[in-house]
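Computed from the coordinates by the stated procedures, all read-outs in this text should not be read as laboratory data. Everything quoted here is computed from the prediction, not taken from an experiment. A quick note on method: Cβ atoms are made from the backbone with ideal geometry, for glycine too, and the neighbour counts reach across all protein chains shown.
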Amino acid sequence: MSNSDTQTTYDHPSTATDSDAESAPDSVLEIDSLSVEYATENGAVRALRDVSLDLTQGETLGIAGESGSGKSTLALAVLQYLSENGSIVEGEIRFKGRRLSEFSKKELRAIRGSEIAHVPQDPGRSLNPSLTVGEQIAETIRLHQDLDKKAVTEAVHRVLRDVDISDPIVQRETLSTPAFGRDATARVDCDGALL
């Protein structure tokens, strides 16, 4: 894949320069010359090549590309959540000025879902069919917020109302495809993720 396979758009241009010794103070996410490979039976496959971007607080970034162009790989690399056969082979990712590769597993768990979140291409696959939608949202809230049971229940109802899902005990198989996307958005919104 080449960088031309994936397009990035910004709501305003980046102001970072090569002379910046450290991260810009308002920079939330910086990706510098990132390349990712996947090990396969037939050798390494380069999924991302030399991707760079700088995202500041309040900025909106859209990434568009054909299937297989590396959009999900980029998101998973930012989350430090690549599959076992995936690895960052060049470049670096900084979140709030700190290299993500320096975060401990505990620190990564703490920011995933609370400061960095990913809404997958197929949100339905991210739901556990043995749990209700409400239970899964409640789990996300409990992991990232110090709330009592009543406050968690209220938060679940609030985020579901915000995305037009009225029943927190609905099961995955009863949700429509658009509802899957609304549920995934609700799970991100329930903890105020920064990215």
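Loop-located GluC sites (Glu not before Pro) across region 69-109 with a Cβ neighbour count of 16 or fewer within 10 Å are Glu84, with loop assigned by DSSP.
Here the residues Ile137, Ile116, ranked from fewest to most Cβ neighbours within 10 Å of their Cβ, fall in the order Ile116, Ile137. By the rule of a C-alpha distance below 23 Å, with chain neighbours fewer than 8 residues away ignored, the lysines paired with Lys105 are Lys96. Let me know the shape class of region 46-100, please: from the alpha-carbon gyration tensor, a ≥ b ≥ c as square roots of the eigenvalues, rounded when a/c is under 1.5, otherwise prolate if a/b is greater than b/c, or oblate. Because a/c hits 1.5 or more and a/b fails to exceed b/c, region 46-100 counts as oblate.
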